[in-house]
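Since every read-out is calculated from the coordinates, none of them should be taken as a lab result. In this text the structure is predicted, and so the values were computed from the model without any measurement. Methodologically, a virtual Cβ is constructed for each residue, glycine included, from the backbone with ideal geometry; neighbour enumeration extends over all protein chains shown.
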């Protein structure tokens, strides 16, 4: 009897630990503004992966008054899609120390896609895009939108 209750206690503890980790991983969810204040990304979850779309941009329209489109995309068939609500962060996996890895970031200003890593520190989110290894990249610090 004591053995069964010990195993049950261990299983319950593991389940609660996993639930706590999932809650911590989900701390990244919500809106984040870039350092220049020109755009906001909404980070959301699909299954066990994290994604982000461009939820707001300071200047949403081009010089003709039409919504800005993805004109720099290397795929010509995607150049007419609007930049607003464009999914630019894709397929991030959470690990256990507020880091999200194995994802990509798309830069609509250049039309390029980079490997990406994100690190959450309270109300700051460091987003590092890179080619090959993380040392060869650039980091921007986004701030949570309240």
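For region 91-116, the residues whose amide N sits under 15 Å from a probe point set 7 Å from the Cα of residue 36 along the beta carbon direction are 107-112.
If R0 is 35 Å, the Cβ-Cβ spacing of residue 79 and residue 24 corresponds to a FRET efficiency of close to 0.35.
What FRET efficiency comes out for the pair residue 121/residue 58, r = Cβ-Cβ distance, R0 = 22 Å, nearest 0.05? Mind showing how you got there, number by number?
Numbers: r = 25 Å, r/R0 = 1.14.
Approximately 0.30, to the nearest 0.05.
Would you mind classifying region 36-146 by shape? Square roots of the alpha carbon gyration tensor eigenvalues, ordered a ≥ b ≥ c; an a/c under 1.5 is rounded, otherwise it is prolate if a/b is larger than b/c and oblate if not. It comes out prolate by the Cα gyration axes.
What separates the Cα centres of region 27-42 and region 128-146 is a distance of 13 Å.
Listing 59, 141 from fewest to most neighbouring C-beta atoms within 10 Å gives 59, 141. Applying 1/(1 + (r/R0)^6) with r as the Cβ-Cβ distance of residue 71 and residue 96 and R0 = 35 angstrom yields a FRET efficiency of 0.30.
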